[in-house]
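Inspection log for the structure reproduced underneath, given as structure tokens.
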Amino acid sequence: MNLSKLIQATLLGAVINFLAGWLLYAVVFKSAMESGMSDAAKAIMLPEDQQKIPMYFVSGLCFSLMLAYVFERWAGIRTWMTGAIAGGIIAALISLNYDFGFIASTSLYNGYGMLFMNAIGSLIMGAVTGAAIGWMLGFNRK
């Protein structure tokens, strides 16, 4: 396992994940996400000016490290295309896992629309993050 490549891929993936998350959830899906959340969910959300933005980056860093480790150690993923496919599938399945659990045990969502919107958003974020990680793991590899 190439530790230098693992670190580089993780950092690139975290930056891409952060930017993709901002674009999807704070811009593209913002109004749909707000309408899909229950009043209980809105009550526990921090106002935008109080959100801990660096924690979004840390979250993406953890996800990127997970993908980079799996790609580097076990899957041998070294291209952007295979990284995008694997990253998208992994992210969508993680999202569905959590959201089905939330639907079963909480009243955070106003129906199943949020589940599918989250799965699509996670698939896109996972695909672009995985693409960046796969590309970096294969870039200039000796």
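Laboratory data are not the source of any read-out in this text; all were calculated from the coordinates shown. This one's a predicted model, so the numbers in the text were calculated from it and none came from an experiment. Glycine gets a Cβ as well: all are built from the backbone with ideal geometry, and neighbour counts include every protein chain shown.
Quick notes on this structure:
- 3J(HN,Hα) from dihedral phi, the stretch 119-132, Karplus parametrisation 6.51/-1.76/1.60, rounded to Hz, x for glycine, proline: 5, 5, x, 5, 4, 5, 4, x, 5, 6, 5, x, 4, 5
- For Y109, distant residues with modelled amide H under 5 Å away: S38
- Alpha-carbon centroids, the stretch 124-142 and the stretch 1-78: separation in whole Å: 15 Å
- In plain terms, the bigger the Kirkwood radius, the slower the diffusion; for the stretch 35-108, with that radius from Cα pairs, at 25 °C and 0.890 mPa s, Stokes-Einstein puts D at 165 µm²/s.
- Put in line by how crowded their Cβ is, counting other Cβ atoms within 10 Å and starting with the fewest, V15, V27 read V27, V15.
- Contact order relative to length of the chain, as percent, for alpha carbon pairs under 8 angstrom and 6 or more apart: 41 percent
- Under the Karplus curve 6.51 cos²θ - 1.76 cosθ + 1.60, θ = phi - 60°, whole-Hz ³J(HN,Hα) for the stretch 97-114, x wherever Gly or Pro sits: 4, 5, 5, 5, x, 5, 5, 6, 10, 9, 10, 6, 10, 8, x, 8, x, 5
- Cα shape, the chain, gyration tensor, a/c 1.5 rule: prolate
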